[in-house]
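Here is the structure we will look at.
Read-outs: derived from the displayed coordinates by stated rules, not from any lab. Since this is a predicted model, take the numbers as computed values, not measurements. Using ideal geometry, Cβ is built from the backbone for each residue, glycine included, and neighbour counts are taken over all protein chains shown.
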Amino acid sequence: MKLTRRDAVAALVGAGVIGGAGAAALARDGFQADSNAANGEGEGTEAIVEALVGTARAVYPSEVENVGGFVETYAATKLARRPDFRAGAADALSDLDAEARITFDARFAALDPVESETVLRRTGAETAEPDSEGTTAEQVRYYFVNEVLYALYGSPTGGELVGIENPQGHPGGTDSYRRRPDR
Amino acid sequence: MTAAGSGGRTGTPDRTPSPRVDVCVVGAGPAGALVASRLVDRGHEVVVLEAGPRFDRADRRERMERSIRPAHGARSVWNVGGERDAFTASGERFYPLNVARVKGVGGSTLHWQGMVMRLHESDFERQARDGVGADWPIDYADLRPYYSEAERALGVAGDADNPFAPPREEPFPMPAFSPSYSDSLFAEACEEAGIAMHSVPNARNSQPRDDRSECVGYGTCQPVCPSGAKYSADATIEAAESKGVRVLDSVPVQRLEPTDDGERVGAAVYTTPDGEEHRQEARQFVLAAGGVETPRLLLLSKAAEHPDGLANSSGAVGRYFMEHLFAGTGGRADRATRQNHVGFNTSESHQFYDNDFEKVDPIKLEFLNYAGPSPVEMALTADEWGDDLLDSLREAYGTHLAMGGLVGQLPRARNRVALDPTTTDDHGNPVPDIQWSLDDRTRRTLAKANDLQAQVFDHLDAGVEWVVGPENTGPAYHHMGTTRMGEDPDESVVNPRLRTHDVANLTVASSSVFVTSGAMNPTLTIAALALKAADHVDADL
């Protein structure tokens, strides 16, 4: 199942990053403007985006396609519009990179999906409670693992993987709850 | 007067008192908002004092994210908790007060479900009809026109298909939401079980109305509706402010100060965020702070002429606290049930409300559209990821069905809101102590509700996986009864005009005046009573 720009917009709406008009503009004009803004405003933004893509490739189900494009567009806007989130993610990335260097002598974003998953597990993020100000495991869970999981399973395409095309957090209208399951 | 400086969205708002106004309303929830709105329409000068903050509408999507993502405590969505909201629950049962309320402009309608039913005629006459509880000093006919006005004020989507509802004189303001797919599964089972289903009146827009969106299906009604389709009282407050009502936020009222002779309230004493104390004087005062803070404020307002608390010569302030109890049954079917697309219900049954069961109170049955887990919430708390997580989500989601139900408590003096002098809030005031217990009659009614739910599940081809009933029930977060209405000043706090027996210029607009609880969600009745109270205050000015 292929993730699209529409899914990224939906995920951003669900995450409260953009509203109706913002979503329409973003869908129309693309993410380049936010991407540029993000690169200019925050040191290390590109590295955070790369790490979020690496996390998604490790934790998304195998049948999802276009993970890179989806997460890059989602993350560029999120980081541009949420400076507090970007600052917290930058701190958590330092710990994630440190673990990657210990294990594979490379920064996290340079790892392949299997290696990324190994590093994520070694931080303890798989079973950690998410906490933006907690331990390394809790911060990695919050800023990386849960961030990309929320983007996926809060979007229509991610919801459809499970059987719900209007997942909680997505403004999918008031038709879907009435539809028969065979539609 | 204008709203200038009263709630400025930029800079520090002016929170100094106005020169003596016509009406001072304490609380900016639905009751206070409707009172203020009606009285400004009648040409009166109104100041509203709200303990909590203003919440920016633009933040609602972020609040929704907080509600879905597990890193943020549920109470953080609307900033509930901490020293400001400290409480004690010393009764037989713990009472989770801070789950039940929001302090801020809009009050608890910011996080409510939005179900708005009228009480039945029988709810006003439980003693006369059934020999239990007490009778209200007003009846359904007295409230009936106010119910219609309340439905228009809140914006109710409903249908006249409910054969068990009390008589009504006009259609609902908006068409009802259509039944869900899972309702259709229940409909087959209910047909076989001899149970009639019908629509649910919802205070949420089924079409654009009052500059608010129609519902767009975020599915997070409780605790936050990002689209604004669900009614919340901040909308009424904003409209009232545009007409000249002055609203001060973050100014908890510490006490109501009676005049020297104790006959009237002279001022509401409040504090500002910078710690200053002010007095707002008014000709009339309306207390609209909900079923817990309303009696608490009266108890905190002791004075020479009111040694047991303001307006408490009866001793009834804080007593007769009532709640609705939840009865539920859930399980899984052998087919898809399409849950969690929306966060509200579209079908109920009031068939067993005015029942003739032996020693059993009214029962309201609900058919849930949000049974079982939400996949996104489940994913965010899982201890796995990748294909394993997707497999678990597919296994967990999709075939759940559940029924809910409400059962009311009868009024009992021992259930009460008192003050706990051993614990104080952020202003040094004793916190509320909720002394709450369940009685056998309520348990019996819960068991009966479970029996009815079991009959439906027997016809559903669905296995029952959980039951919430007499042994593990919990409250529906509807506080009622703590300044009860009545004709007798020795047994009640307010009269049928909602004015306190003891204090001539003090009115209460709240579920605290309910004499019985019924088993219907209380907000529409709160709204109707608020409009009635406003009419009486207007007449007295």
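Look at the dipole of the protein assembly as shown built from charges on Cβ: of B:A509, A:A137, B:A100, the Cα furthest out on the positive end belongs to B:A509. Starting from the Cα of B:K448, draw a straight line to each of the lysines and keep only those under 16 Å, dropping any in the same chain fewer than 8 residues away. The reachable lysines, counting only those whose Cα sits under 16 Å from B:K448, are B:K359, B:K364. Rounded to the nearest 20, the Cβ-based charge dipole of the stretch A:5-171 about its Cα centre (Lys and Arg +1, Asp and Glu -1) stands at 400 debye.
Sorting B:Y370, B:Y218 from the fewest to the most surrounding beta carbons within 10 angstrom yields B:Y370, B:Y218. Between B:E121 and B:E384, the modelled labels are 5.8 nm apart [label points 7 Å from Cα along Cα→Cβ]. Here the stretch B:294-324 and the stretch B:81-137 have alpha carbon centers that stand 17 Å from each other.
What net charge is computed for the residues neighbouring B:N345, neighbours being all others with C-beta under 10 Å from the C-beta of B:N345, Lys and Arg scored +1, Asp and Glu -1?
-3
Of all aspartates and glutamates in the structure, the ones whose alpha carbon falls short of 16 Å from that of B:K103, not counting any fewer than 8 places away in one chain, are B:E50, B:D56, B:E83, B:D85, B:D234, B:D249, B:E293, B:D425, B:D426. Using just its DSSP H runs of length 4 or more, each adding -39500 (n - 2.57), the protein assembly as shown gives a mean residue ellipticity at 222 nm of -10500 deg cm²/dmol after division by all residues. B:A539 to B:K302: FRET efficiency via 1/(1 + (r/R0)^6), r the Cβ-Cβ distance, R0 30 Å, to the nearest 0.05? Computed FRET efficiency for B:A539 and B:K302 comes out at 0.50. Round to a whole angstrom and tell me the spacing of the C-alpha centers of the stretch B:419-473 and the stretch A:95-131. Cα centroid to Cα centroid, the span is 45 Å. Placing a pseudo-label 7 Å from each Cα along the Cα-to-Cβ vector at B:A74 and B:D356 gives an inter-label distance of 4.0 nm. From the residues B:S232, B:V132, B:A157, which one has its Cα farthest along the dipole of the stretch B:116-268 in the positive direction, the dipole being from +1 and -1 charges on Cβ of Lys/Arg and Asp/Glu about the Cα centre? Highest projection toward the positive end goes to B:S232. In a simple Cβ point-charge model (Lys, Arg +1; Asp, Glu -1; nothing else charged), the stretch B:173-236 has a dipole of about 280 debye relative to its Cα centre. Charge dipole of the protein assembly as shown (Cα centre as origin; +1 on each Lys and Arg Cβ, -1 on each Asp and Glu Cβ, all else neutral): 1020 debye, rounded to the nearest 20.
When chain B is described by a simple charge dipole with +1 on each Lys and Arg Cβ and -1 on each Asp and Glu Cβ, the residue from B:P375, B:L310, B:L389 located farthest towards its positive end is B:L310.
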